[in-house]
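The values are calculated or read from the model by the stated rules, or taken from the named source; none is laboratory data. Just so it is clear, the structure is predicted and the values come from calculations on it, not from any experiment. Because the Cβ atoms are built from the backbone with ideal geometry, glycine has one as well, and the counts that use them run over all protein chains shown. Accessible surface is based on the protein model in full, side chains and every heavy atom, while ligands, DNA and RNA are left aside. Shrake-Rupley method; radii C 1.70, N 1.55, O 1.52, S 1.80 Å.
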Amino acid sequence: MQRNNEILVLQKCFCDIPFHKLTEKLYLKGIGENFLNRSPEEQNLLSHNNTHPDFYGYYGIAFPKSWGEKNNLQPVHYLNENSSYSHDFAHLIEQLLSDNDIPDICSDDIIRRLTYIKPLRGKMTRSIKCQDKVTRTIDFLKNFHDEREWRYVPDPTSLTEAKKDPIIANPNYIKISTDTHNDFNTELTKPYCKKLWLNYTYEDIRYLIVPDSQARFNLINTILTLSDENFSPNTDISMQKYILISKILVLNELRKDW
């Protein structure tokens, strides 16, 4: 479940980016008081020393694109807020909220499309230890199109059977609290929501990404102690575990090699 300033969308997100982009430093425009209060030298460092893992985490699971296509993933539609297309779509949403006579088939289609939409640009926040050793929240203006996001949203039939909606609420009408968000995520783990899950096997995994050699060591130990029930009984289970271990990539090493 992804939370933003307006709605909760029942989804799982993926980034379709080349491996060399994982460690590539990119420029991001810093904004907000915490950024502007830093020295010009530190502002320059904060703006130029950003990577994809800095924003989304240093652990990852990579799947083949064919797996995503087979499992109902869809590339996100990025909207330029200044375009006539965006204005027309916003007007369509306003009509949906105000007009009770819109046929269900049309309103369901509009809502379905909304779950695959994302703004072209927006603000993202990082917690960064600044030069004075104090951790601060720094806001950046980010081009989300760089992420090349693909998104999984459960199909309408599964949502209906689980009595869930693809979009949970609009806080302009229903106040969403952190507890509501967490409770809903916990509820999704229950067996009656199983049809909403995005399933995969260890064989589906292309790579496992960890930040450093210690994390690799820990993950190797975890894989070796995984229950045999999680692996195919038709192939040597020890060999399957070794193959999974061979898929581990270390970010610190990628930074040197790419």
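Points to keep in mind about this one:
- Here the accessible area of the range 13-78 is 52 percent carbon and sulfur, with a 1.4 angstrom probe and all protein chains present.
- Computed Rg/Rh of the range 1-126, alpha carbon atoms with Kirkwood Rh: 1.04
- Estimated distance in nm for a label pair at residue 17 and residue 125, the labels positioned 7 Å out from Cα along Cα-to-Cβ: 2.1 nm
- Taking each of 70/256; 21/133; 65/190; 65/194; 21/164; 142/163 in turn, the alpha-carbon distance tops 26 angstrom for 70/256; 21/133; 65/190; 21/164; 142/163.
- Cα-projected label distance for residue 27 with residue 227, points at 7 Å along beta-carbon direction, nm: 5.3 nm
- Of the residues 92, 196, 213, the one whose Cα sits farthest towards the positive end of the charge dipole of the chain is 213 (charges of +1 on Lys and Arg Cβ, -1 on Asp and Glu Cβ, taken about the Cα centre).
- Helix-only arithmetic for the chain: the sum of -39500 (n - 2.57) across DSSP H runs with n ≥ 4, divided by the residue total, places the mean residue ellipticity at 222 nm at -10500 deg cm²/dmol.
- Two-site FRET efficiency, residue 205 against residue 78, from Cβ-Cβ distance with R₀ of 41 Å, rounded to 0.05: 0.90
- With the convex hull drawn around the C-alpha atoms of the range 66-110, the volume per residue stands at 90 Å³.
- Short-range pairs are left out: with C-alpha atoms under 8 Å and at least six residues apart, the relative contact order of the chain is 28 percent.
- Modelled FRET efficiency - R0 25 Å, residue 112 with residue 143, Cβ distances, 0.05 increments: 0.45
- For the range 1-116: relative contact order, % (alpha-carbon pairs under 8 angstrom, 6 or more apart): 18 percent
- Cut-off 16 Å (backbone N to label point 7 Å along Cα→Cβ of residue 39), residues of the range 119-161: 130-134
- With only Cα atoms counted, the range 40-93 has Rg and Dmax values of 18.2, 48 Å.
- Distance cut-off 24 Å, percentage of C-alpha pairs in the chain lying past it: 62 percent
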